[in-house]
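Below: one structure, written as structure tokens.
Coordinate-derived values only; no laboratory data. Since this is a predicted model, take the numbers as computed values, not measurements. All Cβ positions, even for glycine, are placed from backbone atoms using ideal geometry, and neighbour counts span all protein chains on display.
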Amino acid sequence: AQSVTQPDIHITVSEGASLELRCNYSYGATPYLFWYVQSPGQGLQLLLKYFSGDTLVQGIKGFEAEFKRSQSSFNLRKPSVHWSDAAEYFCAVGASSGGGADGLTFGKGTHLIIQP
Amino acid sequence: NAGVMQNPRHLVRRRGQEARLRCSPMKGHSHVYWYRQLPEEGLKFMVYLQKENIIDESGMPKERFSAEFPKEGPSILRIQQVVRGDSAAYFCASSPGRNTEAFFGQGTRLTVV
């Protein structure tokens, strides 16, 4: 069975500092991996996705993620965070490369707090 | 083009009542997915529907829960005889096809008192 682990429930980062959110997955086949962001009271927005090719994926809002098969990880990074990045971040693994939402397995999320 | 619309945004029901959650997909989208987010948990897949068909309901509880996506109108997630454990945020997503990016709505937060 597929699973996703986000080890950090909360992370606090100073505005302007770099960010890395961890994600580890378990999946029997080639994984399709996603990062979503959920701002307070909002739905989920897709930040980026990986399904093949270059292991460093660029997303929206200045985010990137690196797929490391040997470590079963797909960590999300941003070089310099902004106060507006404060939100809940979810890593997910799915069965379809296009990002279709059938059968997505989500992690429990990491709550990002930005300090002034 | 409006996004995925869910209503109501907040719903309070007493134990034993019925809850009806509605989801209007984005224009041109014929695939709908429902997810549930329990407190302190990630989203859990419930059901995947196309117009008038249930494609995958492997995540739906066997009792009290049902979903439909009629030819006309929104998709409905129906919970009969609600219990406190049904309190959660219910998210709907839609996509134009199965293997295409899905877009999520803002969710309906159900509270059972």
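Worth a mention:
- Peptide A:36-43 shows a mean partner chain C-beta count of 4 within 10 Å per residue C-beta.
- Inter-label distance, nm, simple model (7 Å from Cα along the C-beta direction), residue B:20/residue A:69: 5.0
- Available extension along the chain between residue B:113 and residue B:9 is 35.8 nm, counting 0.36 nm per residue and deducting the alpha carbon span.
- Under 16 Å from the Cα of residue B:51 - lysines, other chains or at least 8 residues apart: B:27, B:71
- With the simple spin-label model, which puts each label point 7 Å out from Cα in the Cβ direction, the residue A:51 to residue A:84 separation comes to 2.9 nm.
- Under 28 Å of direct C-alpha separation, and excluding same-chain neighbours fewer than eight residues apart, residue A:78 reaches these lysines: A:49, A:61, A:68, A:108, B:44.
- Centroid-to-centroid separation of region A:59-95 and region A:11-50 [C-alpha atoms, Å]: 4
- Per-residue mean of C-beta atoms belonging to partner chains within 10 Å, peptide B:45-52: 2
- Share, in percent, of DSSP beta bridges within region B:4-113 that are antiparallel, nearest 5: 90
- Sorted on the mean count of surrounding Cβ atoms within 10 Å across their residues, most packed first, peptides B:86-97, B:29-40 read B:86-97, B:29-40.
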